[in-house]
Amino acid sequence: MATSFQHDRFDEIPSNLQRVGAHRVPRKRGRGWVAFAWAALATVVLVGAGVVALFVLNGNLANGTGPAASPQSSEPAPVESEVPAVQPTVDPALAVTVLNGTERAGLAAAAGDTLAAAGWNVTTRSNAATEDVAVSTVYYSDPSLEGAALGAALSIPGAGIALSQDFVDLGEASLVVVIGANYPAIDEPAE
């Protein structure tokens, strides 16, 4: 049983259409490049607008006219008070111990003589427990002795100071000077 359908306008297909599939027309050449060109142009325009906006905002912020600029006040900024620097002092009442922290003999005696000539009370001159001290250092255990430590360090070439509890057990010494390898060589007497 064959059914027949009525003929309508969809049954007539033009011969120049060259359709592929049910209702597809072949794509025109170059159509993808047009879409890509429009997308690239839109990207360039948006990036350019963003760069110009940043330059405008940065220029305004640098001039102090932008939205994040701090308000100008007529009061000057408070000046931080400087912590008074500790002045080096020489206190002959303080006991000073001098230790040689190098392999070179006689440095404790030479440094002790230098300190004694500067007015210090050098009570002990000996060798340190280690012989690989690089930098001469004046150790003090009480922060109130910082000025005295600075004064002693000025008498020892290249010496620094350090607040330390390492030498508290040495008894009467208020300052402990450990001579390091940076101490200048002493002149040895010719035989």
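Over the Cα atoms of segment 95-179, what Rg and Dmax result, in angstrom?
Reported Rg and Dmax, both Å: 11.3, 33.
Could you please rank V51, V98, placing first whichever residue has the fewest other Cβ atoms within 10 Å of its Cβ?
Starting with the residue having the fewest Cβ neighbours, the order is V51, V98.
Which value, in debye to the nearest 20, gives the size of the charge dipole of segment 95-179 about its Cα centre, when Lys and Arg are +1 and Asp and Glu are -1 at the Cβ?
Its charge dipole is roughly 240 debye.
Every number here is computed from the coordinates shown, using simple stated rules; none is lab data. Quantities reported herein were computed from a predicted structural model and do not represent experimental measurements. Neighbour counts run over all protein chains shown; Cβ positions are idealised from the backbone, glycine included.
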